[in-house]
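Every number in this text was worked out from the coordinates using simple rules, so none of it is lab data. Quantities reported herein were computed from a predicted structural model and do not represent experimental measurements.
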Amino acid sequence: MSLHELLVDELKDLYSAESQLVKALPKMAKASVSADLKQAFSAHLEETKGHVERLKKAFEAINEKPKAVLCKGMQGLLEEGQEHIEEDAGDVFGDLALIGAAERVEHYEVAAYTTSIALAKSLGYTEASSLLNETLQEETKTAKLLFALSKPMIKEAKDTGEKEEE
Ligand SMILES: [Fe+2]
């Protein structure tokens, strides 16, 4: 094993993770009630397609062929998200559950990109690390946006809950 091989393994995992997310985001957008949340998922779908393309370029930048190896972490996160879609979707509580699932996904990706960037930098792969860093910035921004969207929803959910108790 070398650091280069370790980086290639990380990229294969990410390539699978991002490809899985491209398939899941339209379902998450469809299941959201809030127009802002729908819009956030749709916008992140377009970004995520770009993340797949950037990963292809990152593989090429280190003279490797783009290849995916099933990312079980993302698979598990998306399975849990799918359960929320099936069981909770349709109101503000469902939207909050979707945000919880999406936040897990974003933070998981942030962890994976942070690791890959550190490896790429240590190997002197400037182009690959700057490509990965562009995506990292978008993941971080998305996580923050989702958190901001959740705040008024939590208030709304709290008010709804209190009304039901009256
Ligand atoms: Fe991504």
For this session: Quick one: angle between helix 126-165 and the longest Cα principal axis of the chain, in degrees between 0 and 90, rounded to 10, please.
Result: 10
For this session: Give the cross-link partners of K151 among the lysines, using a straight C-alpha distance below 17 Å as the criterion and excluding same-chain residues fewer than 8 apart.
Result: K38, K141
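Suppose only helical runs count, i.e. DSSP H with n ≥ 4. What mean residue ellipticity at 222 nm does that imply for the chain under -39500 (n - 2.57) per run, divided by all residues and rounded to the nearest 500 deg cm²/dmol?
Dividing the helical sum by the residues of the chain leaves -31000 deg cm²/dmol.
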Exercise. Each residue of the stretch 61-70 in turn: what ³J(HN,Hα) in whole Hz from Karplus with 6.51, -1.76, 1.60 and θ = phi - 60°, glycine and Pro shown as x?
Worked result: 5, 10, 6, 10, 8, x, 8, 9, 10, 2
For this session: Would you mind giving the three semi-axes, in whole Å and largest first, of the ellipsoid equivalent to the stretch 83-134 according to its Cα gyration tensor?
Result: 36, 8, 6
For this session: Round to a whole angstrom and tell me the spacing of the C-alpha centers of the stretch 142-161 and the stretch 12-68.
Result: 24
For this session: Go through the stretch 25-39 residue by residue and turn each phi into a ³J(HN,Hα) via Karplus (6.51, -1.76, 1.60, θ = phi - 60°); whole Hz please, and just put x for glycine and proline.
Result: 4, x, 5, 5, 5, 5, 7, 6, 8, 5, 5, 5, 5, 3, 4
